[in-house]
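Down below is the structure, laid out as structure tokens.
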Amino acid sequence: MSGTLSRGIERGEASMDDDMLLQDSASQRFVLVLLGDSLTQGYGLSPQQALSAQLQRVLDSRGAKVEVRNAGVSGETSAQGLMRFDRATTDVDGVVIQFGGNDMLQGRSPVAIRADLSDLVARARTRKLWVGLVGMKAPPIAGAGYRTAFDRIYRNLAEEHVVPLYPFYFEGLIDAQTGSGRPEFFLDRVHPSAQGVVVVAAGIANWLTQTLPPEIMGRRSN
């Protein structure tokens, strides 16, 4: 389906333009690339345990016409993701952007992180791609000032660019207020295990079901 869709977003949800083409909808699939760091790549996991593969299985089970691709690179910051954006988004219809964790660990300024993420979203829009944003939250150890500024990045960007936001990658795995995680779902203190990714994939699949057009997600439009 790559190249056949025209996407609009209204109040954080994707909508279909009146003149959108859904050519051969029985066989065409919406190509969605996950662009991010080790959390997207699947650090310490097999390819079949990574987020893209697990998300693909959930979406397939729901009848969604989506092909999920993995464009995660371990250790990358938002600035590095920006440098390879064009290459990573060749022949796709949409992109989910997941960056910020490594930026935070390196102590980068929230202002710089926000600028990079804003550029990523703007570049996707210029390419007429559907775009969604996956948020992160700073732990208490980051300090109150940094934490407040960092956590504000994603909500503000989603509002500014009017894009769908999945507020917290670790939803269901980490308590955002205390920063405490569920150890049974982690390989280490940062990266989720295969079982942890099951939780992440289910949450993101639910979000995509509400934000991508119903014709793509296998649900009836109202």
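The values are calculated or read from the model by the stated rules, or taken from the named source; none is laboratory data. Keep in mind it's a predicted model, so treat the numbers as computed, not measured. Heads up, the Cβs are rebuilt from the backbone with ideal geometry, glycines too, and the neighbour counts pull from every protein chain shown.
Given (1) buried (at least 20 other Cβ atoms within 10 Å of the Cβ); (2) without any contact (Cβ under 8 Å) to a residue 60 or more places away in the chain; (3) hydroxyl-bearing (Ser, Thr, Tyr), identify the lone condition not met by residue 169. Answer for residue 169: the failing condition is (2).
Does residue 101 satisfy being under 14 Å from residue 36 (Cα atoms) and among the small types (Gly, Ala, Ser)? Full working, then the answer.
Numbers: under 14 Å from residue 36 (Cα atoms): yes; among the small types (Gly, Ala, Ser): yes.
For residue 101, the condition - under 14 Å from residue 36 (Cα atoms) and among the small types (Gly, Ala, Ser) - is met.
For residue 177, are the conditions met, namely being surrounded by fewer than 18 Cβ atoms within 10 Å (Cβ to Cβ) and modelled with pLDDT of 95 or more?
On the way: surrounded by fewer than 18 Cβ atoms within 10 Å (Cβ to Cβ): yes; modelled with pLDDT of 95 or more: no.
So residue 177 fails the test.
Residues in segment 140-158 that are farther than 30 Å from residue 91 by Cα, loosely packed, with under 15 Cβ neighbours inside 10 Å and not hydroxyl-bearing (Ser, Thr, Tyr): 140, 141, 143, 144, 145, 152.
Does residue 136 meet the test of being touching a helix residue (DSSP H, G or I) at 6+ places or on another chain (Cβ under 6 Å), of a type in the set (A, V, I, L, M) and at pLDDT below 95? For residue 136, the condition - touching a helix residue (DSSP H, G or I) at 6+ places or on another chain (Cβ under 6 Å), of a type in the set (A, V, I, L, M) and at pLDDT below 95 - is not met.
Scoring residue 186 on the criteria (1) of a type in the set (A, V, I, L, M, F, W, C); (2) touching a residue at least 24 places away in the same chain (Cβ under 8 Å); (3) within 19 Å of residue 138 (Cβ to Cβ) leaves a single failure, condition (2).
Look at segment 102-116: where a residue is among the basic types (Lys, Arg) and a partner is in a helix (DSSP H, G or I), sitting 6+ places away or on another chain with Cβ atoms under 7 Å, you get 114/153; 114/157. Residue 69: without any contact (Cβ under 8 Å) to a residue 60 or more places away in the chain and touching an Asp or Glu at 6+ places or on another chain (Cβ under 8 Å), yes or no? Taking the combined requirement at face value, the residue does not satisfy it.
Show me the strands (runs of 3 or more DSSP E) entirely contained within segment 15-130 in which 1 or more residues are closer than 17 Å to residue 153 by Cβ and at pLDDT 95 or above. I'd like the intermediate steps shown before the answer.
Details: elements: 30-36, 66-72, 94-98.
Of the strands (runs of 3 or more DSSP E) lying wholly inside segment 15-130, those with at least 1 residues that are closer than 17 Å to residue 153 by Cβ and at pLDDT 95 or above span 30-36, 94-98.
In this structure, does residue 124 turn out to be more than 28 Å from residue 189 (Cβ to Cβ), of a type in the set (A, V, I, L, M) and out of contact with any Cys (no Cβ under 8 Å at 6 or more places or on another chain)? Yes: the conditions hold for residue 124.
If you filter segment 126-135 down to residues that are within 26 Å of residue 201 (Cβ to Cβ) and touching a strand residue (DSSP E or B) at 6+ places or on another chain (Cβ under 8 Å), you find that the one that is surrounded by the fewest Cβ atoms within 10 Å (Cβ to Cβ) is 129. Counted as qualifying within segment 133-222 are the helices (runs of 4 or more DSSP H) with 1 or more residues that are of a type outside the set (S, T, N, Q) and within 23 Å of residue 61 (Cα to Cα), namely 194-211, 214-217.
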